[in-house]
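No value in this document is a laboratory result; all are computed from the given coordinates. These figures come from a predicted structure and were not determined experimentally. Every residue, glycine among them, receives a Cβ derived from its backbone with ideal geometry; neighbour counts consider all protein chains shown.
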Amino acid sequence: MADAPFAPGEVIMLPDGKVCRVERIGLRATQLYYIDDHAIIYVPNKELANAAIINIFKPSYDLKATLEIGVAYASDIQQVSSVLLEIAQEHPNVLMSDLPRRVQLLEACLARNAAQQERCATLQAVLPKLRHEIALHTHIEALEAKLTELASALRANEHGGLNGKELTTLRAAHLPAMAQTVQNTHTAMQTWLALPDPQALPDEAANDRQRWGEINERLNDKWAGLEKALTKPSADQEMQLDSQTLQLRDWLVTNYKATREPWKDPHVIIKAFGASSIDLQLKYFVDDVRLEHFERPRRIATELMIEIHERFKALNIEIPFQQHDIWVRKS
């Protein structure tokens with residue numbers, strides 16, 4: 001199918017809501033694996049070409065989700081919002097940009113649920129990987145800063161072209177520290193990868209490790225290319241060294257591993273004043289929709305709802321059932 005909005009291996013949502021993995025794209029039909037029924041379905045390419053298809057894998061493997069909750073009109077909405085937000089932030093598979101805060105919340109959750117062995121085991125498996133991720137982000141941000149600094153220095157000196165003396169001075173001032181920071185980042189990524197996602201299936205963990213490993217090696221390749229250009233730039237490169245440096249920086253924070261995406265943090269909004277409740281929405285991002293045979297979003301939603309029910313019950317926050325008052329008029 002020409003200009004297909006998906007490729008084999010990607011997961012798409014059809015107009016009827018079916019979530020499927022693309023198995024094969026043929027000349028006349030596309031073969032899809034329907035996840036819910038564990039079945040293969042065939043869809044004519046003509047039908048797919050005229051349909052609104054959602055590619056769940058793009059632009060990234062995380063997925064936005066929403067839970068709707070209604071509370072009684074007598075409820076303290078600020079308290080309700082805070083509780084919902086804390087529940088989402090405590091879930092290890094819900095994205096949160098402030099990772100040190102996430103560690104604090106998980107440690108508190110671990111202490112609060114010491115009697116729940118299964119939950120404690122999951123949290124204890126997650127925390128070491130999370131701490132390594134914090135270290136990785138620190139190295140990425142240090143490398144980003146050094147690349148920005150190098151680009152500024154190049155821009156300030158390359159008007160009219162850099163001579164040999166200027167290049168030697170710039171290399172001596174920036175390259176040794178830069179090379180060490182690249183190595184630190186590469187090593188931190190390897191350390192983070194050594195700990196698999198505790199909920200991922202074995203083959204998923206292996207595939208994930210391979211994917212991130214390839215990205216990590218790409219960092220070394222890109223750095224080697226920039227280092228070569230800074231050592232012996234061609235005539236075409238002399239006036240573009242700052243742009244080449246910024247390209248590596250931009251790739252680092254978008255394609256290597258994003259470190260700051262606060263817009264993906266969980267948040268709570270008031271949707272409406274309903275017939276018998278104040279209706280709220282808890283919006284959050286699932287960290288990786290591919291894992292657990294694509295069941296991770298459902299598991300997270302279930303666990304969040306169970307925790308919401310338990311926490312609301314403990315705090316006497318009422319989830320009302322719909323009710324109507326009926327007035328009978330006597331003639």
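Separation of region 302-324 and region 1-78 by C-alpha centroid, Å?
Centre-to-centre distance over Cα atoms comes out at 30 Å.
Report, ordered by chain and residue number, the lysines lying within cross-link reach of Lys283, taken as a straight Cα distance under 25 Å and ignoring same-chain residues fewer than 8 apart.
Lys18, Lys58, Lys64, Lys129, Lys257, Lys264, Lys271, Lys313
How much length, in nm to one decimal, is gained on full extension between Ile306 and Leu175, taken as 0.36 nm per residue of separation minus their Cα-Cα distance?
Residue separation times 0.36 nm, minus the Cα-Cα distance, leaves 41.9 nm.
Out of every Cα-Cα pair in region 11-55, what percent are more than 18 Å apart?
15 percent
So what is the 222 nm mean residue ellipticity for the chain from helices alone, if each DSSP H run of at least 4 adds -39500 (n - 2.57) and you divide by all residues, rounding to the nearest 500 deg cm²/dmol?
For the chain, the value works out to -17000 deg cm²/dmol.
Straight-line reach from Lys165: which aspartates and glutamates fall under 15 Å, measuring Cα to Cα and dropping same-chain residues less than 8 apart?
Candidates past the 8-residue exclusion: Glu238.
Mind checking which of Leu105, Ile41, Ala275 is farthest towards the positive end of the chain's charge dipole, using Cβ charges of +1 (Lys, Arg) and -1 (Asp, Glu) about the Cα centre?
Ala275
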